[in-house]
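The next block holds one structure in the form of C-alpha cells; read it before the comments.
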Amino acid sequence: MHAPHTGSLLTKAPSEITSDDEPFAYDWASDPLPDPGTLYLATTSLILTDSQAHMEVYKPHFDLVQLMPTTVFGPNPLAENAAQLRTGSNAMLLDYILGQLTPGELVVTASVHIFDVVAAHVKALDTSVPPGRYILQGDHGMTPWGIAASVLETYFPTFVGPVFVKKPPNIKLVFVILDTGKAERALDFAFRTFSEQVFDTARQYLSLLPMARPVATGAEAGKPFATRPNEDRKAMITRMLMRAATMLLEKAGVPPVGTQWQRNTRSA
C-alpha cells in the first residue's frame, strides 16, 4: 500500500538546480527563532526527514511516496467570495496582480498548480509510482513571474486597470531551478505552466466579483489552454476522497458498497 505524504520544499541557493533526492534541512543553530514563513518550511522539512527515518527503522508494510509541492496557486472550490480566495498561498499571486504586494518583497521562482497537487496525491496511491520523493513544480523547474501581466492582458483585457494592475509591483526574485523530471516520469503527466496558474486563479477571482461575474464565466475568459485530464476540480477531489475512504474500509475489513476501486497493494 502507498502512503502519500506532503512536505514543503525548502529553497536553496539562487540558481542552484535542486533534485528530489537532495537533503532538505533547516539549520536551527544559525536561526533558532525564524520568521513564521521560514518556521513553516523548517518544520515541514523535519517531517520529511523524520518520516524517512521511521520507514528505515520500523520497516512498515507500506511504501512511502513523499510529495514536495512548491508554492501552490490556483482555484479554491471552498472560496465563497474574493476575500476568501485571497488567502493562503494564493494571497501572494493575487496581491501581485492586484498591485498590493509590497515592492521589493522576496518572491521565489517556484510554484505549482493546485490541480497538479491534487492529481499527484491521487496518482501516488497507485503502485506504479515508485516510493520516494517528488518535487511538484510547474514551468519545467522555474516560475516566470514576469509573464503574469501579459496573461491578464491577453485573456482579461477588460479588467486590466479596473481590477488588475497594468504593471505589477517590482519584486525581488529568488531564482531557484528545480528538477521536475523524476516527478513527471513517475506521475506520468506534465505540470501546468505559470500562465495556467495565473489564468485559473484570476478567472475565479473575477467570478467572485459581482461586477465581473458575467464576463469571467463567458467568452472572454474561455479555456485558452489544452484540456487536461481531471479538469473538473470537484470531481478530482471527490475521486481522491472516495479512493482514500475505500482503502480505509478495506484495511478495516469492511466490504465496499457500490462501485469498487481496483487497487493493488504491496506486501511487506
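The values are calculated or read from the model by the stated rules, or taken from the named source; none is laboratory data. Worth saying up front: this structure is predicted, and the values here are computed from it rather than measured. FYI the Cβ positions are ideal-geometry reconstructions off the backbone, even for glycines, and counts take in every protein chain you see. Please note that ligands, DNA and RNA were not included when accessible areas were found on the heavy atoms of the full protein model with its side chains. Shrake-Rupley method; radii C 1.70, N 1.55, O 1.52, S 1.80 Å.
For the stretch 41-170, count all C-alpha to C-alpha pairs, find those more than 26 Å apart, and express that count as a whole percent of the total. Could you put the intermediate results ahead of the total?
On the way: 3000 of 8385 pairs.
The calculated P(r) of the stretch 41-170 puts 36 percent of pairs beyond 26 Å.
Kirkwood Rh over Cα pairs of the stretch 57-121 into Stokes-Einstein at 20 °C, 1.002 mPa s: D in µm²/s? Mind showing how you got there, number by number?
Values: Rh = 14.1 Å.
Stokes-Einstein gives a translational diffusion coefficient of 152 µm²/s.
Suppose R0 equals 35 Å; then what is the FRET efficiency for residue 30 and residue 179 from their Cβ-Cβ distance, rounded to the nearest 0.05? Intermediate values should be presented prior to the final figure.
Details: r = 26 Å, r/R0 = 0.74.
So the FRET efficiency works out to roughly 0.85.
With a 1.4 Å probe and every protein chain kept in, tell me what percent of the accessible surface of the stretch 108-191 is carbon plus sulfur. List each step's numbers first, then the result.
Numbers: 1930 of 3320 Å².
Accessible surface attributable to carbon and sulfur in the stretch 108-191 totals 58 percent.
In the stretch 50-93, how does Rg compare with the Kirkwood Rh, expressed as the Rg/Rh ratio over alpha carbon atoms? The partial results should precede the final answer.
Numbers: Rg = 17.2 Å, Rh = 13.5 Å.
Result for the stretch 50-93 is an Rg/Rh of 1.27.
Tell me which residues come under 5 Å, amide H to amide H, from residue 132 once H is placed; ignore anything under 5 positions away on its chain.
Excluding prolines and chain starts, which carry no amide H, the hits are 64, 65, 66.
Using modelled amide H (1.01 Å from N, peptide plane; none on Pro or chain starts), what sits under 5 Å from the amide H of residue 71, excluding residues fewer than 5 places away?
Those lying under 5 Å, H to H, from residue 71 are 111, 112.
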